[in-house]
Every structure is written in C-alpha cells, then in structure tokens.
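Q: Here's a structure for you.
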Amino acid sequence: MAESPAAETVKPLFSAEEIARRVDALAGEIAACDLNDPLIVAVLKGSFIFAADLIRALHGHGLTPEIDFIFLGSYGPGTTGGEIKILRDVESAIEGRDVVIVDDILDSGRTLHFAKGRLEERGARGVKTCILLDKDVPRAVGVTPDFTGFECPDRFVVGYGMDLGHRYRELPFIGVIESAA
Ligand code: IMP
Ligand code: MG
C-alpha cells in the first residue's frame, strides 16, 4: 500500500513486475506487425511512463520507431465526459507511415477515437492503437484497441503515469484508491 498525504491508500491492482512482463509481450506483438517507418504517438500526459517502457521494449524486439506526442484534454462533465481538445499536436511527418497510438486507459473511448481520426486525416498509412488498460465499461464511441495490456475493472485507477488530481503518477504499480474510513 502507498500512503498519500490525504490519508488515502492505493491498493495495488497490477504490480510493477506484472506490468513489465505485459509491456514486453505487447512490444513483441507490435514488432511482429511489420510496420512501415513506425511512428509511436504517446497521448499525454497519462501514457508517458507506459510509452517510455514500451519503446525500450520495442528496441529489445528490434524496432527503431520514431516517437512523438499528442497532448489531449477532455472538457465537459466528469473526468472523461465531454469534448476532446488538442493541447499539443504531433509534429512529425505522418503521411504514408504506420502510426501506433499509445494511451494509458480506454474508458469511454472518446480520446482514442479522436486521436485515431486525427492521425488518419493527416494521411497515415495505417493507425494502430495500444492501450495499457481496457476498462470494463460500455463505450460511448466504438473503438477497439489493436493491442491491450490488461482488462481493468470499472474503478478509478492511478499510478504508472496515471493521476488523480495530479497525484500518484510516480507509483511504479497501478492501483485503486481506498479512503481510510
Ligand atoms: P476516454 O476518453 O473516456 O476513453 O478516457 C480516456 C482518458 O481518460 C485516459 O487517457 C485517461 O487520461 C483518463 N482516464 C480514464 N479513466 C481513468 C482512470 O481510472 N484513472 C486515470 N485516468 C483515467
Ligand atoms: Mg489520457
């Protein structure tokens, strides 16, 4: 359990070791796809640790991808409720390339759907999607990830890059918050 200043605890759901094994397996799946001039696009901020581990695992599987970032924000009701806005767009050339979007968690599907559409519009040859956690909730928009790390219960999770109000990103594991009664 990790202690937070607010007397909450984070109960581990996926350990650092489990995550490392799964990330390496995902890298193997991606490397087997014979991608053309691959560009990894990490969705900021939540995927930054996952993406950092994934690209190093891809190196281990013989891939030499370029990496870029898209910073997306969601506005409206709830954490993931509303409209998606681009806070920082991908700078790399996209046309004719195979892009792999990397995100931390698939919830309503709006973020991934938006990012995929955006990169397709910009002329990618193909856009694949890689999600660390697939939350067990009904999707608001239809999007099926090509690569999935773990199925995840419908709980708010933190750690390994994911935050609650800017906290907990530094945890090496993924967990759910439990309030001290
Ligand atoms: P979607 O657009 O509803 O699929 O939401 C995806 C984004 O919402 C993710 O990229 C995360 O940034 C954020 N998100 C959704 N659920 C969680 C969670 O349980 N913990 C932390 N972030 C989350
Ligand atoms: Mg996100």
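The values are calculated or read from the model by the stated rules, or taken from the named source; none is laboratory data. These numbers were taken from a predicted model, which means no experiment stands behind them. Neighbour counts are summed over all protein chains in view; Cβ atoms, including those assigned to glycine, are modelled from backbone coordinates with ideal geometry. These area figures cover heavy atoms from the full protein model, side chains too; ligands, DNA and RNA do not enter into them. Shrake-Rupley method; radii C 1.70, N 1.55, O 1.52, S 1.80 Å.
Q: Of Thr144, Thr111, which residue is more than 10 Å from ligand 1 (Cβ to nearest atom) and hydroxyl-bearing (Ser, Thr, Tyr)?
A: Of Thr144, Thr111, the one residue that is more than 10 Å from ligand 1 (Cβ to nearest atom) and hydroxyl-bearing (Ser, Thr, Tyr) is Thr144.
Q: Need the failing condition index for Asp34 against (1) more than 17 Å from Gly117 (Cα to Cα); (2) touching a residue at least 60 places away in the same chain (Cβ under 8 Å); (3) among the charged types (D, E, K, R), just the number.
A: Of (1) more than 17 Å from Gly117 (Cα to Cα); (2) touching a residue at least 60 places away in the same chain (Cβ under 8 Å); (3) among the charged types (D, E, K, R), only one is false for Asp34: (2).
Q: Residues to consider are Val99, Val158; find the one that is over 28 Å from Glu178 (Cβ atoms), in a strand (DSSP E or B) and of a type outside the set (S, T, N, Q).
A: Val99
Table: residues versus (1) more than 30 Å from Leu35 (Cβ to Cβ); (2) of a type in the set (A, V, I, L, M).
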position	(1), (2)
Gly142	no, no
Asp154	yes, no
Tyr168	yes, no
Ile174	no, yes
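Q: If you don't mind, another one. Kindly provide the set of residues from region 114-132 that are touching an Asp or Glu at 6+ places or on another chain (Cβ under 8 Å) and within 13 Å of ligand 1 (Cβ to nearest atom), ordered by number.
A: Ala115, Thr129, Cys130, Ile131, Leu132
Q: Is it true that some residue in region 131-139 is exposed (fewer than 13 other Cβ atoms within 10 Å of the Cβ) and outside any strand (DSSP E or B)?
A: Yes, the conditions are met somewhere in region 131-139.
Q: For region 140-152, give me the residue count where each residue is part of a loop (DSSP other than H, G, I, E, B) and either within 16 Å of the chain's Cα centre (by Cα) or of a type in the set (A, V, I, L, M) (or both).
A: Residues that pass the stated criteria total 6.
Q: Is there a residue in region 105-124 that is part of a strand (DSSP E or B), surrounded by 18 or more Cβ atoms within 10 Å (Cβ to Cβ) and touching a residue at least 60 places away in the same chain (Cβ under 8 Å)?
A: There is no residue in region 105-124 that is part of a strand (DSSP E or B), surrounded by 18 or more Cβ atoms within 10 Å (Cβ to Cβ) and touching a residue at least 60 places away in the same chain (Cβ under 8 Å).
Q: Considering (1) of a type outside the set (A, V, I, L, M, F, W, C); (2) within 16 Å of ligand 2 (Cβ to nearest atom); (3) touching a helix residue (DSSP H, G or I) at 6+ places or on another chain (Cβ under 6 Å); (4) open to solvent by 40 Å² or more (accessible area, probe 1.4 Å), say which one Gly161 fails and leave the rest.
A: Every condition holds for Gly161 apart from (4).
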